[in-house]
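Enquirer: Have a look at the structure that comes next, please.
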Ligand SMILES: [Fe+2]
């Protein structure tokens, strides 16, 4: 365990067996991405749902039961119901503890498979690297800009391909999936992952109740995430506009057009989720794409990839579900800890001086960005003292500059 990464947030203030733990995950933790507004008229007065039933069809081995569960919460963030396999479970009733465990294990599996492995590593980091290294010459300024944010990404993704993707890999063993389930899981994850969607747009679409939570600082994923995205966009826009004094110059850069098209082709299987133009026509579009990449490999990757607080104890999430099970079993705890220990390699911190990598134009913009990131970190630390639960999901002081295993 000494080799496991230290969690950014300590979750010792709430028991992993409690209803509050799930409330914390949904509103102040890793399940915030799944949280959505619920239409009026819910029988239990629920206003929000964190629904992971989309992976219920993945085939699981004998002695396990399928994934899939949805947790329902009131406007006051109180957990009131879990739905699973077509049945409803309520606090205190028979099956409640198992339903909670099943939701947590489904969530742990979903964020590992969809939001982390496929979303961060293979959809965003891998496609950006492929397109940059294939289509941008070594001395292209956008390739230079990408240098710290793609640091070791190719090697990391190759390692992930060997150790976490194949049948009989660590992820397969730690999950409940059959070999067929693994074959089903990765294509499904590419359909489900939303990581290339612009983060502010994704948050806007979550509905008015979540916007209200953000105004009350009860949904830090949205509040802090939008602030981090805004800072990174300011930095990237400043650089892109220095580099290209007009939109026409972006249109005329054949390397950027090839870079853009290659990413679009790679995302073809999920075309429906995106409204990308076939060519990059403005500086704003280019800045938006580049910003989303940095945001995902630093912010999302830290949130969904550094999950020691969730898998390092028997109360928490786990990655597989046995019939009636209410806590992580010793075998699963050991498997989770081995994965954690072998995937705890740190990359350089995001808040670093990358001057040695960049020309003067980028350096100046980055120094301003560092000041902005430092201010955001102070703001989050202050807000965390009054929030129901502290949340460091997008706290720049914990973020790394590129994906890690
Ligand atoms: Fe990772």
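Bear in mind these aren't lab numbers, they're just calculated from the coordinates by the rules spelled out. From a predicted model like this one, the values you see are computed outputs, not experimental measurements. Positions of Cβ are backbone-derived with ideal geometry, glycine not excepted, and every protein chain shown enters the neighbour counts.
Enquirer: Taking the simple approach of a point 7 Å from Cα along Cα-to-Cβ for both residue 230 and residue 371, what is their distance in nm?
Expert: 1.7
Enquirer: Also, I was wondering about something else. Beta carbons within 10 angstrom, averaged per residue: use that to sort the peptides 121-130, 32-41, 90-99, highest first.
Expert: 121-130, 32-41, 90-99
Enquirer: Just to confirm the number: angle between the C-alpha axis of helix 330-342 and the first principal axis of the chain, 0 to 90 degrees, nearest 10?
Expert: The helix 330-342 is inclined about 10 degrees to the chain.
Enquirer: I'd like the orientation of helix 220-243 relative to the chain: the angle between its Cα long axis and the longest Cα principal axis, in ° from 0 to 90, rounded to 10.
Expert: 10
Enquirer: Mind jotting down the distance between the C-alpha centroids of the range 312-373 and the range 14-50, whole Å?
Expert: 23
Enquirer: Compute the Cα gyration tensor for the range 1-126, then decide on rounded, prolate or oblate, letting a ≥ b ≥ c be the square roots of its eigenvalues: rounded whenever a/c is under 1.5, prolate when a/b is larger than b/c in the other cases, and oblate in all that remain.
Expert: Cα axes put the range 1-126 in the rounded bin.
Enquirer: Further question on the same structure: In the Gaussian network model of the chain, springs joining C-alpha atoms below 10 Å, which of 78, 277, 227 carries the largest mean-square fluctuation?
Expert: With Cα springs under 10 Å in the chain, the top fluctuation among 78, 277, 227 is at 277.
Enquirer: At 7 Å along the Cα-to-beta-carbon direction for both residue 248 and residue 85, put a label point, then send me their distance in nm to one decimal.
Expert: Taking the simple label geometry, residue 248 and residue 85 are separated by 6.6 nm.
Enquirer: Select from 207, 222, 86 the residue whose mean-square fluctuation is largest in a Gaussian network model of the chain (Cα-Cα springs shorter than 10 Å).
Expert: 86
Enquirer: Return one number: the angle in degrees, 0 to 90 and rounded to the nearest 10, between the long axis of the Cα atoms of helix 96-110 and the longest principal axis of the Cα atoms of the chain.
Expert: Relative to the chain, helix 96-110 is tipped by roughly 20 degrees.
Enquirer: A further question on this structure: Want the number for residue 211 to residue 265: 0.36 nm per residue separation, take away the alpha-carbon distance, what's left?
Expert: That works out to 16.1 nm of additional length.
Enquirer: When only Cα pairs under 8 Å and 6 or more residues apart are kept, what is the percent relative contact order across the range 1-151?
Expert: Computed over the range 1-151, the figure is 15 percent.
Enquirer: Let me ask another. Treat each spin label as a single point 7 Å out from the Cα along the C-beta direction, and report the residue 152 to residue 184 distance in nm.
Expert: 3.6
Enquirer: Going by a ≥ b ≥ c, the root eigenvalues of the Cα gyration tensor, does the chain fall in the rounded group (a/c under 1.5), the prolate group (a/b larger than b/c) or the oblate group?
Expert: Note, shape of the chain comes out prolate.
Enquirer: Classify the range 271-405 as rounded, prolate or oblate from the Cα gyration tensor: take a ≥ b ≥ c as the square roots of its eigenvalues, call it rounded if a/c is under 1.5, otherwise prolate when a/b beats b/c and oblate if not.
Expert: Here the range 271-405 falls in the prolate category.
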